[in-house]
Amino acid sequence: MRPISGLGVCVLAMALAMSAPLAAQAPADDEAADEPLSELDALSRSEDDPFAGASEKDEREPVSVTLRALNKITARYTDLEIGMNEIARFGSLEILPRTCDKRPPEEFPETTAFLEIYDLEYENRQSDLKIQEPEILEDEIETQELEVLPGEPIGEAVPLREADAAEKPAPAPEVLEGPQADGVNIFRGWMFASSPALNALEHPVYDVWVIDCKTKDADS
């Protein structure tokens, strides 16, 4: 057996020093492979589905809507939590929510509700707003006859259709399923919590806007 020279001893020592970290690193890599991946790692390492591991949005059903009703005369407001297709009374208003929706936390916050609002005193309020015309005595009216100037006919006169238009009744509003409130329907449509003025209630006394919407899992 040939003796190892000094240069060979140095080369052998360097080889053993380089192989030691690799041998120590192999079990660590195996342990890391056994650990479950985080959600961020699962999303970044997936090639087929860019949103692998992300849970799908569950279908939700509306339960109740929270509204804030304001009396403009007294400057007092009341928070009303009304169930779907249930009628709530505030002053002369009857509020009937049909449905509502609330976005999940990961999306831009928005709460919407489809409402029907009826006014029980609408007809009385309209009669009070009518302007009473002053009485004019016939003795105070002076009549004066005007001369009729001769003229040439330009063409046949087109008859007016005002009488025909007045005879046609206005189309009745669509009646939705569920309970129906009394009074005159003064509002029907969507209200948005982020933009109350986008589709607001126009009323001289009251104001209503959306605050919150409660939902539940459709499968439960």
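Per-residue counts of other Cβ atoms within 10 Å, averaged by peptide: what ranking do you get for 93-105, 77-89, highest first?
The peptides rank, most packed first, as 93-105, 77-89.
Between Ala200 and Glu86, what is 0.36 nm times their sequence separation minus the Cα-Cα distance? Round to one decimal in nm.
Result: 39.0 nm gained on full extension.
Within 10 Å, count the other beta carbons around each residue, average over each peptide in 118-126, 193-201, and list them highest first.
Output ranking for 118-126, 193-201: 118-126, 193-201.
Set the Förster radius R0 to 41 Å, insert the Cβ-Cβ distance between Glu61 and Glu121 as r into 1/(1 + (r/R0)^6), and round the FRET efficiency to 0.05.
The formula returns an efficiency of 0.75 here.
Spin-label point model (7 Å from Cα, Cβ direction): what's the Thr215 to Trp190 distance in nm?
About 1.3 nm separates the two model spin labels.
Coordinate-derived values only; no laboratory data. Computed from a prediction, not measured in an experiment: that's the story for all the values here. Ideal geometry is used to build each Cβ from the backbone, glycine not excepted, and the neighbour counts take in all protein chains shown.
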